[in-house]
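What follows is a set of notes on a single structure, which appears directly below.
The values are calculated or read from the model by the stated rules, or taken from the named source; none is laboratory data. It should be emphasised that the depicted structure is a prediction, and the values quoted were computed from it without experimental measurement. Neighbour counts are summed over all protein chains in view; Cβ atoms, including those assigned to glycine, are modelled from backbone coordinates with ideal geometry. What goes into the accessible areas is simple: the full protein's heavy atoms, side chains included, and nothing from ligands, DNA or RNA. Shrake-Rupley method; radii C 1.70, N 1.55, O 1.52, S 1.80 Å.
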Amino acid sequence: MLASLLIDRAAKRCWLATLRLIRVASFALLVASGAVSGIASAQSLDVTTSRLISQGQFKTAWELVLESDASEVEQLFFMGRVLKAQGQLERAAETFREVLRRQPRHIDARRELAHTLLLARQFNQAELRFDELLRIDPNPQMRRGYQQFLGVISRNKPFGFSGQFALLPSTNLNNGTKATSYDTIFGEFVIDEASRQKSGIGIEVGISGFWRRALDARSRAQLDWSLIHTGYRNSDYNRTVGNVSLNYRYFDGNSRWSLTPYIRQTWKEAANNSASGLRLRYDRQITDKIGFGLNVSHERRDFPIQPHQNGPFSASSLDVSHQFDASFGVKVGLGIEQSRPEAAHLQYGGMKLFASVAKAWTGGLQTDLSLTLGNRDFVGVFPLMATPRRDKYITIGGSVSKSGFEIFGLTPKLRCSYTRNRSNVNLYDFDKTECGITMVREF
């Protein structure tokens, strides 16, 4: 009992010390946010009101806001600042959320919301907000501040876990074809029923977790794990996937990069397989609006019961993003991939073009839309055919979620996609529409 009491007191003293540091940084955040928004007169007003709020002179600050003919949204933003300074963090956070529902591009409200959530020790939500700001905010001074706050979160929440539940309806669970036969050098063959299109609804349940440690002000290491099971009425399509990865991240001004070794195990009817590999991701802010990204990965795949599929797989991509404002961004890119299993007819090289658009709407709705065009050119001659296989595909996808909307404490997100694949081997001609309603709860 005594040991428990001492530990509890030590933890409280540690958090109080951290809280004092955060509150000291709070004024800098307020001043900096005012210094990078609006025209010169608005900058001066923001700095002045921020100083007055930090000194507790709320009435004087409010009079200045009214004299400036501030909009209803700006008045609401001011009230959020006052509530935050008074320590009414829950009300302050909801006020900043309301500002963002009315004006999604309000970057200062995003900053204040992230900082308020940190003060309230809502570390999961605060981390998501600061990560988002690192992605959309080009200001180097603010980005350094976000990284410092993420370090505070890492130290105060070194581990955590989450649960997820999803419904996954699909028109084509097995990427099967609608064709009943295909032509070969020996004549026409009937396509086996197992290769025909099958539809169904899957139920996905899973848990995941992390353990992390800040190595210094600019870097951290994080161990991630997950175990996800997807079940269908037809158990042939059931699968369980386990992942373990060790992620090292480094932040330096306008650049971020991460290095991640990982292992993956998939349990599936008569098709268990495993993979181990390495991923490298590099991001750099080129201008205030434009960012650049590089992603490279390589892994070794092993199929104990199907050794002809054993072999390496590599993929890389380049992307350029343009963040028009805090609520609207676009990304385009080019990717290449190479698979080299033991069976020559399964070996291929591929290329794809991809683009995505993300938008936060007035009212709290958040959407994204993506498009991918690609092809895969296989190496070896396909069995019973005179030439190697050639595939072309298109995938259109999107997701919708709403800020602040929860069901039994779970945050739902709807994702849907359509894929059309065409091949010179019509065994691989297929169309597939999939949707997923995913709900996640973090602890």
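Given R₀ = 35 Å, FRET efficiency for ASP69-LYS359 by Cβ-Cβ distance, to 0.05?
On the way: r = 30 Å, r/R0 = 0.84.
After rounding to 0.05, the efficiency reads 0.75.
How big is the stretch 314-372 in terms of Cα radius of gyration and Dmax, in angstroms?
Gyration radius and largest Cα-Cα distance of the stretch 314-372: 16.6, 53 Å.
Just to check I understand the Karplus step: with θ = phi - 60° and J = 6.51 cos²θ - 1.76 cosθ + 1.60, what whole-Hz values come out for the stretch 189-195, glycine and proline as x?
Once θ is set to phi - 60°, the couplings for the stretch 189-195 become 10, 7, 7, 4, 4, 5, 9 Hz.
Cα gyration tensor of the stretch 341-442, axes a ≥ b ≥ c as square roots of the eigenvalues: rounded (a/c below 1.5), prolate (a/b > b/c) or oblate?
Values: a/c = 3.45, a/b = 2.68, b/c = 1.29.
Prolate, because a/c is 1.5 or more and a/b exceeds b/c.
Could you give the length gained on full extension between PHE405 and GLN148, defined as 0.36 nm per residue of separation minus the Cα-Cα distance, in nm?
On the way: separation 257, 0.36 × 257 = 92.52 nm, distance 2.93 nm.
Value of the extension gain: 89.6 nm.
Which ³J(HN,Hα) values, rounded to whole Hz and listed in residue order, are derived for the stretch 245-261 from phi using the Karplus coefficients 6.51, -1.76 and 1.60 in 6.51 cos²θ - 1.76 cosθ + 1.60 with θ = phi - 60°, glycine and proline given as x?
9, 10, 10, 10, 10, 9, 10, 9, x, 8, 10, 9, 9, 9, 10, 9, x
Rounded to a whole number, what % of the accessible area of the chain do carbon and sulfur atoms account for, probe 1.4 Å? Mind showing how you got there, number by number?
Working: 14000 of 23720 Å².
Whole-percent figure for carbon plus sulfur exposure: 59.
Estimate the FRET efficiency between LEU227 and GLN86 by the formula 1/(1 + (r/R0)^6), using the beta-carbon distance for r and 51 Å for R0, to the nearest 0.05.
Working: r = 44 Å, r/R0 = 0.86.
Efficiency at R0 = 51 Å is approximately 0.70.
Counting only helical runs of four or more DSSP H residues, what would the 222 nm mean residue ellipticity of the chain come to if each run contributes -39,500 (n - 2.57) and the total is spread over all its residues? Mind showing how you got there, number by number?
Values: 8 runs with 131 residues, N = 443.
It comes out at -10000 deg cm²/dmol, rounded to the nearest 500.
Given H placed on each backbone N at 1.01 Å, which residues far from SER199 in sequence or on other chains put an amide H within less than 5 Å of it?
Under 5 Å from the amide H of SER199 lie the amide H atoms of LEU173, each far enough along the sequence or on another chain.
Give me the distance in nm between label points sitting 7 Å out from Cα along the Cα-to-Cβ direction at VAL381 and LEU259, one decimal.
Modelled inter-label distance: 4.5 nm.
Rounded to whole Hz and in sequence order, give me ³J(HN,Hα) for the stretch 217-232 from the Karplus expression 6.51 cos²θ - 1.76 cosθ + 1.60, θ = phi - 60°, writing x for Gly and Pro.
5, 10, 9, 7, 10, 9, 9, 10, 8, 7, 9, 10, 10, 10, x, 10
So which of LYS289/LYS359; LYS178/LYS432; LYS352/LYS432; LYS198/LYS413; LYS402/LYS432 end up more than 21 Å apart, counting from Cα to Cα? Intermediate values should be presented prior to the final figure.
Details: LYS289/LYS359 15 Å; LYS178/LYS432 11 Å; LYS352/LYS432 18 Å; LYS198/LYS413 25 Å; LYS402/LYS432 26 Å.
Violating the 21 Å Cα-Cα cut-off are LYS198/LYS413; LYS402/LYS432.
According to the square roots a ≥ b ≥ c of the eigenvalues of the Cα gyration tensor, what is the shape class of the stretch 91-190, taking rounded for a/c under 1.5, prolate for a/b larger than b/c otherwise, and oblate for the remainder?
Working: a/c = 2.99, a/b = 2.80, b/c = 1.07.
Verdict is prolate for the stretch 91-190.
To check my understanding: the extent here is largest minus smallest coordinate of the Cα atoms along each principal axis. What are those three numbers for the chain, in Å, largest first?
In descending order, the Cα extents are 90, 57, 39 Å.
Taking the simple approach of a point 7 Å from Cα along Cα-to-Cβ for both ILE437 and ASN243, what is their distance in nm?
2.4
What percent of all Cα-Cα pairs in the stretch 182-297 falls into each 10 Å bin, going from 0 up to the bin containing the maximum distance?
Spelled out per bin, shortest first, that is 11, 26, 24, 21, 13, 5, 1.
If we sort 269-282, 218-231 on the protection proxy, mean other Cβ atoms within 10 Å, highest first, what's the order?
Details: 269-282: 14.8, 218-231: 16.4.
In descending order of packing, they fall as 218-231, 269-282.
Under a 5 Å amide H to amide H cut-off, with H placed in plane at 1.01 Å, what residues pair with ASN254 once short-range neighbours are removed?
Close amide H contacts, sequence-distant or interchain: none at all.
Can you work out the accessible area per residue across the stretch 304-428, with the rest of the protein chains kept in place, probe 1.4 Å, in square angstrom?
Details: 6640 Å² over 125 residues.
Dividing the accessible area of the stretch 304-428 by its residue count gives 53 Å².
Membrane-span-like helices in the chain: DSSP H runs reaching 27 Å or more (Cα, own axis), mean Kyte hydropathy at least -0.5? Display every interim value, and only then the final one.
Numbers: long enough: 2-35 (50 Å, 1.11).
TM-like helix candidates: 2-35.
Which order do peptides 170-182, 299-311 fall in by mean Cβ count within 10 Å, highest first? Each step should come with its number before you reach the end.
On the way: 170-182: 16.8, 299-311: 14.4.
For the peptides 170-182, 299-311, the packing ranking is 170-182, 299-311.
Quick one: net charge of MET439's neighbours, Cβ under 11 Å, K/R +1, D/E -1?
Cβ neighbours under 11 Å give a net charge of 0.
How much length is gained if the chain between GLN366 and THR60 is pulled fully straight, taking 0.36 nm per residue apart and subtracting their Cα-Cα distance, in nm to one decimal? Could you put the intermediate results ahead of the total?
Details: separation 306, 0.36 × 306 = 110.16 nm, distance 3.68 nm.
Gain on stretching GLN366 to THR60: 106.5 nm.
Between TYR250 and ARG213, what length in nm is gained on full extension when 0.36 nm per residue of separation is reduced by their alpha carbon distance? Write out the running numbers ahead of the final one.
Details: separation 37, 0.36 × 37 = 13.32 nm, distance 1.25 nm.
Stretched out fully, the TYR250 to ARG213 stretch lengthens by 12.1 nm.
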